[in-house]
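Peer 1: Just passing along the structure, written as structure tokens.
The values are calculated or read from the model by the stated rules, or taken from the named source; none is laboratory data. These figures come from a predicted structure and were not determined experimentally. Cβ coordinates were reconstructed from backbone atoms using ideal geometry, including for glycine residues, and neighbour counts include every protein chain displayed.
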């Protein structure tokens, strides 16, 4: 999570050193997200420490996605119409203007 109004130049980075640099500048927080979702959850401080340790180790880090950078170039999350109730609405429009198919229609896309 960014602590300042910044974002990476690229939406995806696979260099842990870039994240570690931003963490050391107190611009970015990273957490061990699987640990805070298990039962019982990790406390926040432990989740921060584990994330930093994994970045420093480098063997378990694959990439990070900067959501802010992605949104700056027009990438948006897919909308769930009527909480998966079906049917499309005026909000279910991709940035290109094409209608996003309702989940029932996705089966028709299989080859």
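Peer 1: Can you go through 5, 105, 98, 66 and tell me which one is exposed (fewer than 15 other Cβ atoms within 10 Å of the Cβ) and either touching a strand residue (DSSP E or B) at 6+ places or on another chain (Cβ under 8 Å) or at pLDDT 85 or above (or both)?
Peer 2: From the options 5, 105, 98, 66, the qualifying one is 5.
Peer 1: Within the range 32-52, is there a residue that is under 18 Å from the mean Cα position of the chain (by Cα) and in a loop (DSSP other than H, G, I, E, B)?
Peer 2: Yes, there is a match, as at least one residue in the range 32-52 is under 18 Å from the mean Cα position of the chain (by Cα) and in a loop (DSSP other than H, G, I, E, B).
Peer 1: Does any residue of the range 78-92 turn out to be assigned to a helix (DSSP H, G or I), at pLDDT 55 or above and surrounded by 10 or more Cβ atoms within 10 Å (Cβ to Cβ)?
Peer 2: Checked against the condition, which is being assigned to a helix (DSSP H, G or I), at pLDDT 55 or above and surrounded by 10 or more Cβ atoms within 10 Å (Cβ to Cβ), the range 78-92 yields at least one hit.
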